[in-house]
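The next block holds one structure in the form of structure tokens; read it before the comments.
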């Protein structure tokens, strides 16, 4: 599918000489909710402002905004306002002209949980009507709740872009917690090759496995527990959240203590 917005090689440097964006390549699909995640100062708003018309130092945006009757709004910037009602007015103003592309820069910052969920429902309704939505947020829950695809930006670079479900499958882990019928003093040697963690009290056993394995990981574990004479009374599973993936990716991008700047 051809993107409704395509950017290639976008680069922007602040007046101080610090890079804001480093050769960003990105395509936004028609009719999707695309969430751009990143810490403060990562380059989220800079990228959105350039797509909306601010000049980059290098790179190009496809001028699809002309085609969707938004070009005359290219100099308008989404204001960051406090208070739930001001947020509602901001979005209402953006919708007056029935845009086919809607940019929302931190739309629910500073609003209460109830209003945030109301706004999520409204945004999903807009997507259902065919509006393409580009959303910047620092609320992981917001991206996990609404986005079709997620981009993670850090220090001006796109670390990753992927479908939300695929991202959770590829980078997520699953945990199976077994509540043991009898406390264990230590793990049997026959299970040493498995990613098993015994709780300090010896009453719970946690098995960590790749989310892509689905039920196969559990199916292989249970017979080995039975062979080792380990009985359990209850079990629960948990998948890695988007927040854990996000934090892990940013940690991997962060230079080691004492490392010099690139």
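Brief remarks follow.
- Fewest-first sequence of 114, 142, 175 by Cβ atoms within 10 Å of each Cβ: 114, 175, 142
- Remark: region 173-239 is approximated by an ellipsoid whose semi-axes, taken from the C-alpha gyration tensor as √(5λ), come to 18, 13, 11 Å, largest first.
- What separates the Cα centres of region 131-172 and region 11-52 is a distance of 13 Å.
- Compared with the alpha-carbon gap, the fully stretched path from residue 163 to residue 117 is longer by 14.4 nm at 0.36 nm per residue.
- Order of 195, 45, 16 under a 10 Å beta carbon neighbour criterion, fewest first: 16, 195, 45
- The calculated FRET efficiency for residue 138 paired with residue 208, based on their beta-carbon distance and R0 = 25 Å, is about 0.35.
Coordinate-derived values only; no laboratory data. If you're wondering where the values come from, they're calculated on a predicted model, not measured in any experiment. Reconstructed Cβ throughout: ideal geometry from the backbone, glycine too, with neighbour counts over all protein chains shown.
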